Amino acid sequence: TTVSWPLLAACLLGVLILLLPRGFPGRWLGVLWCLPAVLYRPSLPPVGAFSATVLDVGQGLAVVVRTRSHALVYDSGPRFSERFSAGDAIVLPELARLGVRHLDLLMLSHGDSDHAGAAADIVDGIRTGGIVSGTPRQIIGMGTVEPCRDGYAWTWDGVHFQQFHPGGVLAAAGDNDRSCVLQVVAADGHSLLLTGDVEVPAQQRLMGVDALGPVDVLLAPHHGSRGALYPPLIARLTPREVVFSAAYRSRFGHPHPTVSAAYAAAGAQLWNTADAGALHIAAGPQGLEVTAQRARRGRWWWAGGAQAP
């Protein structure tokens with residue numbers, strides 16, 4: 001949630017009253033008008049539930065996952081230039097909007113710049129408890145980076161987390177296949193699977209993971225690249241919702257039409273950050289819901305475009 005316009009209007013009115021000349025009758029009432037906005041706190045998921053936001057970072061990936069009292073970021077998005085970083089411009093403001101003052105975990109699927117390029121900006125901007133990566137040697141300048149541990153699991157506020165490293169034992173695995181994969185499962189069973197850039201060899205190994213079954217929301221591997229299409233895994237996961245994190249008119253052609261068609265044929269609803277903006281996922285007692293930022297806060301020049309084609 002965001003601060004509502006009535007709260008902001010009340011705060012603005014309070015500031016205007018406080019700016020009146022000294023001695024103006026009732027000037028002190030400006031403080032009262034400001035209090036609702038100052039005391040506002042974002043709503044938190046109940047115990048056993050989680051929320052996640054797949055941020056619109058262009059060609060790249062950054063996801064914020066929140067439980068009642070914990071928060072993690074999965075991938076940082078890219079650093080576009082010395083002056084503009086997805087970490088500073090997108091991820092940190094989202095954490096501030098959610099009221100997150102301490103990041104429990106920064107998980108960098110692998111070291112490619114579109115997934116980890118802005119990591120240092122996040123670490124510099126918020127107190128971070130730990131950093132994990134599928135390619136820890138590629139993550140430099142941020143202190144200790146723990147390797148992704150295949151099968152390692154933990155619970156926060158009744159929400160189950162488990163990481164997988166399917167490419168960790170593949171001798172010839174490239175950086176994409178070494179991505180750390182994260183599964184998030186609410187107490188009622190609603191689930192989210194974040195896959196980084198895993199391609200076919202690593203996906204074949206995921207087929208043998210007993211802990212992985214049908215998922216509600218799947219982050220499409222490698223932004224929907226054709227090289228990451230593995231139909232047997234789609235049939236195994238049977239995702240209800242599939243999210244592509246891709247740039248508008250991506251020069252890589254993400255998501256590839258063949259990939260989109262494969263997920264659609266499996267019955268999934270498709271979402272693309274390039275069209276929908278940030279995608280908000282809420283899972284808990286109320287069920288599971290995916291909403292597009294541009295649908296929630298539309299502008300006239302965003303006619304349609306809430307779903308991927």
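The values are calculated or read from the model by the stated rules, or taken from the named source; none is laboratory data. Note that the structure is a prediction, hence the values are computed from the model and not measured. All Cβ positions, glycine included, derive from the backbone under ideal geometry; neighbour counts span all protein chains shown. Calculation scope for accessible area: heavy atoms of the full protein, side chains included, ligands and nucleic acids excluded. Shrake-Rupley method; radii C 1.70, N 1.55, O 1.52, S 1.80 Å.
Built from the Cα atoms of region 98-251, the convex hull projects on average onto 9.9 nm², one quarter of its surface area.
For the peptides 155-166, 191-202, the ranking by mean Cβ contacts within 10 Å, running from highest to lowest, is 191-202, 155-166. Among residues other than Asp175 with Cβ under 11 Å from its Cβ, the summed charge is -2 (Lys and Arg +1, Asp and Glu -1).
Summary value for the chain: 14 percent relative contact order, contacts being C-alpha pairs under 8 angstrom separated by 6+ residues. The radius of gyration of the Cα set in region 12-78, together with its Dmax, comes out at 20.0, 56 angstrom.
Dipole orientation for region 77-128: of the candidates Gly117, His102, Ala86, His102 has the Cα lying most toward the positive pole (charges on Cβ; Lys, Arg +1; Asp, Glu -1). Could you work out Rg/(2.2 N^0.38 Å) for region 60-177, with Rg from alpha carbons only? Against the compact-globule rule of thumb, the ratio is 1.03.
Share of pairwise Cα-Cα distances greater than 22 Å in region 169-309 is 38 percent (whole percent). Dividing the Cα radius of gyration of the chain by 2.2 N^0.38 Å, with N the residue count, gives 1.07. Solvent exposure of the chain, expressed per residue, is 46 Å² of accessible area, with all protein chains present and a 1.4 angstrom probe.
Rounded to the nearest 20 debye, the dipole size of the chain about its Cα centre is 960 debye, using +1 on the Cβ of Lys and Arg and -1 on the Cβ of Asp and Glu. In the chain, the longest principal axis of the Cα atoms and the axis of helix 29-38 are about 10 degrees apart. The accessible-area ordering, largest first, of the residues Ser250, Ser69 stands as Ser69, Ser250, per a 1.4 angstrom probe. Using the Cβ-Cβ distance between Leu12 and Thr291 with R0 = 22 Å, the FRET efficiency computed as 1/(1 + (r/R0)^6) comes to roughly 0.20.
Taking a Cβ cut-off of under 14 Å around Gly130, the surrounding Lys, Arg, Asp and Glu residues balance to a net charge of 0, with basic ones at +1 and acidic ones at -1. Longest span of the chain, sites excluded, free of trypsin sites (Lys or Arg not before Pro) in DSSP loop with at most 14 other C-beta atoms within 10 Å? No qualifying site falls inside 150-248, the longest such stretch.
Between Leu35 and Ala89, the modelled label-to-label distance comes to 4.0 nm, taking each label 7 Å out from Cα in the direction of the beta carbon.
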